[in-house]
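Input: a single structure, listed below in structure tokens.
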Amino acid sequence: MLNVIWIPGWHPTPLNELLGNHHKAGRLKAEDRKIVANAVRVHDAFLCGPTSKRKLSVHLILPKGQRAWDKDALWKSLADALVHAEMLGDDNPARCQFGEVTYSRAMDERAAGTMIVLEDLR
């Protein structure tokens with residue numbers, strides 16, 4: 001089963017923004033959880049929860065001038081938000097395989113956003 005979640009105008013909080021200030025990090029992660037949970041609800045008719053280990057891949061469409069992050073910078077907040085939204089059973093290696101992080105450039109700022117792809121592994 002393949003689950004695709006499109007979240008326009010949003011990107012996961014990168015790890016460097018989560019380090020240092022625990023209060024700020026908690027607030028940023030809570031905001032990411034809320035956004036991902038809302039996107040899951042919007043796509044609810046098309047999504048199903050985890051029945052096995054899942055591969056998590058992400059494609060980010062960046063607006064003009066936005067620099068791409070390191071590929072490992074986006075996993076922490078995104079994986080935690082997907083566990084909270086019950087789209088991942090857990091973010092440990094037994095339940096989640098981290099796939100690719102890919103980027104493209106939006107021709108128009110309104111086209112920027114994040115595409116999350118969850119693939120069941122059997």
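Charge tally around ASN3: other residues with Cβ under 10 Å, Lys/Arg +1 each, Asp/Glu -1 each, net -1.
Pairs over the 18 Å Cα-Cα cut-off, from the set LYS34/LYS76; LYS34/LYS64; LYS29/LYS64: LYS34/LYS64; LYS29/LYS64. Applying the Karplus relation 6.51 cos²θ - 1.76 cosθ + 1.60 with θ = phi - 60° to the stretch 48-57 yields 3J(HN,Hα) values of 9, x, x, 10, 7, 4, 10, 9, 10, 10 Hz, where x marks Gly and Pro. Think of each Lys and Arg Cβ as +1 and each Asp and Glu Cβ as -1; about the Cα centre, that makes the dipole of the chain roughly 120 debye.
The Cβ shell under 12 Å around GLU17 holds other residues with a net charge of +2, Lys and Arg each +1, Asp and Glu each -1. The HN-Hα couplings worked out from phi for the stretch 68-73 by the Karplus form 6.51 cos²θ - 1.76 cosθ + 1.60 (θ = phi - 60°) are 6, 8, 4, 4, 8, 6 Hz, whole numbers, x standing for Gly and Pro.
Would you calculate a helix-derived [θ] at 222 nm for the chain, using -39,500 (n - 2.57) for each DSSP H run of n ≥ 4 and dividing by the full residue count, to the nearest 500?
-9000 deg cm²/dmol
Each of HIS23, TRP75, ALA37 was scored by the projection of its Cα onto the charge dipole of the chain, and the greatest displacement toward the positive side belongs to HIS23; charges sit on the C-beta of Lys, Arg, Asp and Glu.
Close amide H contacts of LEU47 (hydrogens built in the peptide plane, cut-off under 5 Å, sequence separation of 5 or more or a different chain): none are found. DSSP beta bridges in the stretch 2-120, what fraction antiparallel, as a percent rounded to 5? In the stretch 2-120, DSSP labels about 65 percent of beta bridges as antiparallel.
Each principal axis of the Cα cloud of the stretch 1-110 was evaluated for its coordinate range; sorted largest first, these ranges are 39, 34, 23 Å.
Coordinate-derived values only; no laboratory data. Given the structure is predicted, the values throughout are model-derived calculations rather than measurements. Reconstructed Cβ throughout: ideal geometry from the backbone, glycine too, with neighbour counts over all protein chains shown.
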